[in-house]
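Worksheet for the structure shown next.
The values are calculated or read from the model by the stated rules, or taken from the named source; none is laboratory data. Fair warning: this is a prediction, and the values are worked out from it, not measured in the lab. Virtual Cβ from ideal backbone geometry, glycine too; neighbours counted across all protein chains shown. Ligands, DNA and RNA are stripped out before the accessible areas are found, and what is left, the full protein with its side chains, is counted by its heavy atoms. Shrake-Rupley method; radii C 1.70, N 1.55, O 1.52, S 1.80 Å.
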Amino acid sequence: MEQRGWLRRTPLTLIILVLGVAGFMALLNLKPRPEPRPEPEPPKPVVQVERVQLQSRALTVEAQGTVTPRRDIQLVSQVGGQIVKSAPSFVAGGRFKRGDWLVRLDSRDYQNALAQAEAQLREAERVLAEERGRARQAEREWRDLGNAEANALFLRQPQIAAAEAAVASARAARDQAQLDLERTEVRAPFDGRIRQTMADQGQFIGPGTPVADVYEDTLAQVRLPLTDAQAALLNLPFGDELTQAAQPSVTLHGRALGEDHQWSARLVRTEASLDPQSRMLYAVAELPEPFNTERHGAPLLMGSFVTAEIEGKPLTDIVSLPITAVFQRDRLYSVSDDGEVVEKQVRVLTIDGERIWVKGSLRDGEPVIIDRQGYVSPGVAVRIAGEEEPTPEPAEDEDAPAEPEAEGGV
């Protein structure tokens with residue numbers, strides 16, 4: 001009776017609330033719980049690679065330069081006078097041999113000076129002969145006096161010395177007059193051609209006046225600028241260390257007479273100093289007989305702009321890769337045996353079009369990533385394009401009941 005009285009006194013709302021909470025808790029306990037599953041791994045980035053192929057070869061270094069003669073000078077006259085005659089080859093482009101005369105000056109004044117110098121020399125020789133005769137006569141007179149020794153003045157030794165000096169001076173004046181007469185013919189100092197004439201017949205010129213601008217045509221040279229990296233690929237001749245056979249060969253490419261031609265030259269020397277502005281090392285290639293068409297097929301004109309391919313020295317374990325494989329000047333990514341990205345530093349040798357030659361710690365057959373290096377980083381697992389990723393074997397469930405063994409027998 002008391003319990004029923006307690007229920008009557010309890011508010012209905014409270015009873016409903018208690019029953020609702022109890023029901024909710026029962027539902028929570030009876031709710032099926034989800035089984036934990038492993039978080040799926042994100043897909044691996046797919047990368048394009050190229051396999052390393054180690055090679056041993058000599059790389060070609062390219063450079064550009066302008067063809068110049070080995071000697072290019074202004075031919076000047078050493079004496080003054082009027083030009084009375086010029087050689088037929090004394091025109092722009094004219095060819096001459098060493099020792100050929102190019103212009104002749106009026107030589108009459110120099111012939112007269114030579115004649116006067118000859119006369120002065122003869123007069124000095126006459127005075128010397130007289131002084132020597134007087135000295136012999138004085139020596140005999142002194143002996144007749146019975147004295148054993150005579151002084152130098154009595155024997156006319158000072159007079160003889162002065163006469164000998166006068167003869168030497170007159171002879172030098174004669175030789176100078178003869179030399180000036182010979183210099184009235186301006187002669188070529190080497191085999192070459194005339195670039196430009198600066199004087200002509202009938203013109204009066206003074207000593208030191210330029211007559212023509214001439215250059216040697218038996219040997220052409222090209223100054224080729226090289227970077228430090230390019231110089232490291234070549235067997236450069238510093239001084240006389242290399243024989244002609246060991247000098248690197250150079251192939252010059254350019255245009256001549258409206259067509260493309262090539263000429264074979266040799267790298268003969270370097271200037272052995274860096275240009276202070278460009279920080280380049282200049283090597284010099286030489287080509288003999290640049291105007292010999294039978295030897296070269298076409299003349300190599302002075303002032304031509306050419307591209308040079310220089311033979312490099314042999315290198316080992318070098319690799320050719322697409323130029324996109326290298327980033328930050330000397331870095332690349334390769335894929336390890338575990339499929340992870342590995343960063344490596346290499347030495348860039350040269351660039352050949354869309355390919356780049358490098359040398360570094362690379363293995364033969366090693367995959368090198370050739371694009372999209374910004375999407376990966378060292379240590380990241382990647383998948384090589386075109387290769388299937390191995391499927392992991394499913395893990396065995398220890399709680400699963402063992403399958404019953406099949407009964408044997410047929």
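Cβ separations smaller than 9 Å between residues 6+ apart or across chains give the following pairs from segment 286-307 residues that are free of Cβ contacts under 8 Å to residues at least 60 places away in the same chain to residues that are open to solvent by 30 Å² or more (accessible area, probe 1.4 Å) and part of a loop (DSSP other than H, G, I, E, B): R295/E289; H296/E289; A298/L257; P299/L257; P299/F291; P299/N292. Determine whether segment 151-173 contains at least one residue that is out of contact with any His (no Cβ under 6 Å at 6 or more places or on another chain), open to solvent by less than 50 Å² (accessible area, probe 1.4 Å), at pLDDT below 95 and outside any helix (DSSP H, G or I). Yes: segment 151-173 contains one or more residues that are out of contact with any His (no Cβ under 6 Å at 6 or more places or on another chain), open to solvent by less than 50 Å² (accessible area, probe 1.4 Å), at pLDDT below 95 and outside any helix (DSSP H, G or I). Condition check for Y333 on (1) on the phi < 0 side of the Ramachandran plot; (2) not in a strand (DSSP E or B): one failure, at (2).
Taken together, R331, R372 contain a single residue that is out of contact with any Pro (no Cβ under 6 Å at 6 or more places or on another chain), open to solvent by 70 Å² or more (accessible area, probe 1.4 Å) and within 24 Å of L59 (Cα to Cα), which is R331.
Figure legend. Inter-residue proximity from segment 163-178: first residues within 15 Å of R126 (Cβ to Cβ), second residues of a type in the set (S, T, N, Q), beta-carbon distance below 7 Å, spacing 6+ or different chains. Indicated pairs: A170/Q120. Taken as a whole, the structure leaves A188 outside the set of residues that are more than 30 Å from A119 (Cα to Cα) and loosely packed, with under 13 Cβ neighbours inside 10 Å.
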